[in-house]
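Below is one structure, written out as structure tokens; comments come after it.
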Amino acid sequence: MKLRGFFFCLVVGVAIVSEAKAQETLSFTKDIIPVLRNHCYSCHNVGNPKGGVNLEIYEEEGRVIKDGQFWLKVIDEIKGKAMPPSNKPPLSADEYHTLVEGVNGILIKSLENKTPGKVVIRRLNHTEYHYTVLDLTGISFDAKNRFPSDGSGGGGFDNQGRALFFTPLKMERYFDAAEEIVEALYEDREKWRSAVPIVFRTTLWHRIIDWFRSLFNSDYNPSVRVKEAAEEVIYPFASKAYRRYLKAEEKSKLTKLFEEVYAANANFKNPERFDRSMAEVYKAILIAPSFLYKMEEEPDLDKPVPLNDFEIATRLSYFLWSSMPDEELFQLAAEGKLQSEQVLEQQVERMLDDPKARRFSESFVSQWLGITKLKDPNAPLADTERFPQFTEAIKEAMYKETTAYFHHVLTKSNNFLDLINSNYTFVNEDLADFYGLNDVTGNDFQLVHFTDGTRGGLLGMGSVLTVTSLPTRTSPVLRGKWVMEEILGISPPPPPPDVSELPEDDGLHEDLGLRALLERHRSDPACQSCHEKMDPLGIGLENFDAVGKWRESYGNIPIDPSGVLSTGETFAGPSELKKLLLAEREKFARNLSSRFLSYAVGRSVLFSDEIAIRDLTENLLTHDFHPKYFISELVKSYSFRMKIKDFQKRSTEI
């Protein structure tokens, strides 16, 4: 075993050294530009930037490095044999090596000094606000329906800093929310006593003690006792709310506020006077920037530095729980133990095993797959006149199926490849009837197994099939584009502005079928290059109608779900299509890595994250797509654990 390990390391080491040497000998101006000139400049030049891509402007390495993310896509196009196109002379083996290894070497060398993302001050999104308030106070506040809606950022998630704007209207709503939450807390005496564990009373005995102390100390103030009691309650509550220890000035301001309110409430008797005063302080805490924002202190040094332990705790908890750190995380942060990779691994396992991890599953997968439309009453989904079985109950069931399925994959099946294909799902009686499954009763969702390979995985779920269809019919183009983007991580270019849409004449669709109409549309040279990649992926799912029910025909035409991928592989339906997608392990792994990292750090993935993305991709490939190993690797990455001052300036200097 040891000999095998030594041999493996030797081979890998030689390969790495050989690759490094090959990269060192390649010059951008002398070796790479001539290949670009011979094969790329004819279409991608200053005067004719086909597809909006102009490669002629890159005359030296510095510009390539500056636009590193773009050049990664260029290399992916070359590696995927999409470029040069099939109607142009192919690259020779030496030319392929020069472009792929040469450009890749330039980019990787520029990332030797790992640069993490910028210090992001992010407002709690509506989901995070809801769960943070719930975990802090026990009060369930419906933030999504009470606050103005948030958008989604560059990564497609609503926790992205650039999308979390702050407006005067939103601030007004936060004031109203704090009032409502604290009032609800105050009225629920059990929850109130949990949040304010001291029942403050001034008894006759306390008055005697105060009088006696004042006789011997002229400076003695009887209000000291109430102040000390208030601080005993306020400081722990505010520390939880702010996700860190309080600063001296914060303690002073909160104590002063309590004293002012307590003095103004002299007409009330304790403990009511104390409790009402505490309620006003709690309202102030719930509208404080340190509660509403996830803040990370900007470092003094110009080089990357680790997040402090409380910042790590906050990133971890909002990543996996959509809420503030619990007592264990807070205590580990206080003890300075969250810098340990072993402790981080233990916490990932604990947090994924906690029921609160379902919050992550729902938030992440619903936004990644785009099925939040099922919750939007204004979304243009299936026409209920054409599809009367597509009821509100079925929409809700489709949504729950997908989120329950993803959580099972994350915590039980322990294999992300089940997202592409499996032999099981989760349904209740309504959804089982909708899918044509037998022996399922009741409204509770339960694990069921399939006997064929058509329905398993995300591509057979009604949620995905519905949101990738038009209101009146299926759209192989939309479905194919969705598979490319959400499963393989490939973004096709936008269609040319003058390209016509498919005709919507019902008679044509009945008599010709979608496949023939698409073939006619694809005959246009302007459409062919993109549609030959997208259309087969969507055609393979044509047996599922616009709401995900199985069918054998489209109009008067029997459905032919067979196809040929742009890379030459053939398939005869959804089962075989999914097997081909399973073979694209590296693309799927890279896409998962990018999606998870973007969600975890609350920003778009940048070129400076490339080393982390490659490490995460390799982790998935090495550990058979095991979620816990992968997420542990993510939270140990430099992109997650480090920060840097003035990142915007640094990112242009990489």
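All of the numbers you see were taken from the coordinates with simple rules; none came from a lab. Predicted model only: the values in this text are computed from it and were never measured. When we count neighbours, we look across all protein chains shown, and the Cβ atoms used for this are built from the backbone with ideal geometry, even at glycine.
Can you pick out the pairs among K240/K412; K144/K294; K50/K481 whose Cα atoms lie more than 23 Å from each other? Those over the limit are K240/K412. Label-to-label distance for H626 and T451 is 3.5 nm, based on points extended 7 Å past Cα in the beta-carbon direction. For the pair A93 and A184, what calculated FRET efficiency results from E = 1/(1 + (r/R0)^6), where r is the Cβ-Cβ distance and R0 = 51 Å, to the nearest 0.05? Between A184 and A93 the formula returns 0.15. Among I139, F157, I181, whose Cα lies farthest out toward the positive end of the dipole of region 122-294, if unit charges sit on the beta carbon of Lys, Arg (+1) and Asp, Glu (-1)? Toward the positive end, the furthest listed residue is F157. Maximal additional length on extending the S86-V343 stretch stands at 87.3 nm, based on 0.36 nm per residue less the C-alpha distance. Neighbour counting of Cβ atoms within 10 Å sorts the residues E231, E250, E633, fewest neighbours leading, into E231, E250, E633.
Taking 7 Å steps out from each Cα toward its Cβ at I121 and R201 produces label points 4.6 nm apart.
For K191 and D354, a Förster radius of 25 Å and the Cβ-Cβ distance give a FRET efficiency of 0.75, rounded to the nearest 0.05. Here the gap between V305 and E328, fully extended at 0.36 nm per residue and compared with their Cα-Cα distance, gives a gain of 5.8 nm.
Extending 7 Å from Cα along the Cβ direction at D176 and again at S290 yields two label points whose distance is 2.8 nm.
Our estimate of slack between R146 and K79, defined as 0.36 nm per intervening residue step minus the Cα-Cα distance, is 19.3 nm. Counted by neighbouring Cβ atoms within 10 Å, the residues F640, F175 run from fewest to most as F175, F640.
The simple Förster model, with R0 at 35 Å and r as the Cβ-Cβ distance, assigns A379 and L582 a FRET efficiency of 0.70. Ranked by how many other Cβ atoms sit within 10 Å of their own Cβ, fewest first, the residues V103, V261, V74, V564 fall in the order V564, V261, V74, V103.
For region 236-264, the residues whose backbone nitrogen is under 17 Å from a point 7 Å from the Cα of R225, taken along Cα to Cβ, are 263. Spatial offset of region 95-166 relative to region 443-485 amounts to 27 Å, using the alpha carbon center of each. By its C-alpha gyration tensor, with a ≥ b ≥ c as the square roots of the eigenvalues, how is region 122-294 shaped: rounded for a/c under 1.5, else prolate for a/b larger than b/c, else oblate? Because a/c hits 1.5 or more and a/b exceeds b/c, region 122-294 counts as prolate.
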